[in-house]
1. Express in % the proportion of alpha carbon pairs of the stretch 57-105 at distances exceeding 18 Å.
2. Normalised radius of gyration for the stretch 102-172, please: alpha carbon Rg relative to 2.2 N^0.38 Å, two decimal places.
3. Computed over the Cα atoms, what is the radius of gyration of the stretch 84-129 divided by 2.2 N^0.38 Å, N being its residue count?
4. Tell me, what is the FRET efficiency for residue 133 and residue 69 to the nearest 0.05, using R0 = 22 angstrom and their Cβ-Cβ distance as r?
5. What distance in nm separates the two pseudo spin-label positions at residue 90 and residue 62, each 7 Å out from Cα along the beta-carbon direction?
6. Counting residues in the stretch 66-210 as N, plug N into 2.2 N^0.38 Å and put the Cα Rg over that result.
């Protein structure tokens, strides 16, 4: 009988954990969403959030630019051949590249009302920067023409575009003609007047005016 009593007490201790009466139980923290310490929760960008604001271009610095002011004019194409530009003493212009986003370009009735021409490019002069209309190309960067004498001996490459050989202004290079400077980058061609700070950037993504 004594052995049975001991066994009974032993079983009772197993079921009740034999906690001493003097011991106090302190509850641990309540974890509602356990995450393993070794697991990083990825950050999620909410859909529809605003994209970063594009950086506003500025007129290129003339430092390092090739001075072509001694020529009657200097015409060039972008390295892809898509953008054609012309520099002279009183103005500088660039034509829109084929396939450019025209959604923000004003129509011909705004730029040249009743002229019956298309808006084909943007130019900067001694006073301002604005769009222009034309019935043909105002810039002629063909290497066999009269407007690319500046390119001869420059060491700059040419590009074949639409069956024609063009004198190019390579990426990272700049031309200076009087108060006007143009720089070629993968983001587009940027030209401006270093005197008044007006200018523009042209690329397939569109046109940005610098005022």
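Computed from the coordinates by the stated procedures, all read-outs in this text should not be read as laboratory data. Quick caveat: nothing in here was measured; it's all calculated off a predicted structure. All Cβ positions, glycine included, derive from the backbone under ideal geometry; neighbour counts span all protein chains shown.
1. Every Cα pair in the stretch 57-105 considered, those over 18 Å come to 45 percent.
2. 1.39
3. Dividing the Cα Rg of the stretch 84-129 by 2.2 N^0.38 Å gives 1.24.
4. The pair residue 133/residue 69 has a calculated efficiency of 0.20.
5. Each label point lies 7 Å from its Cα, and together they span 2.1 nm.
6. 0.97
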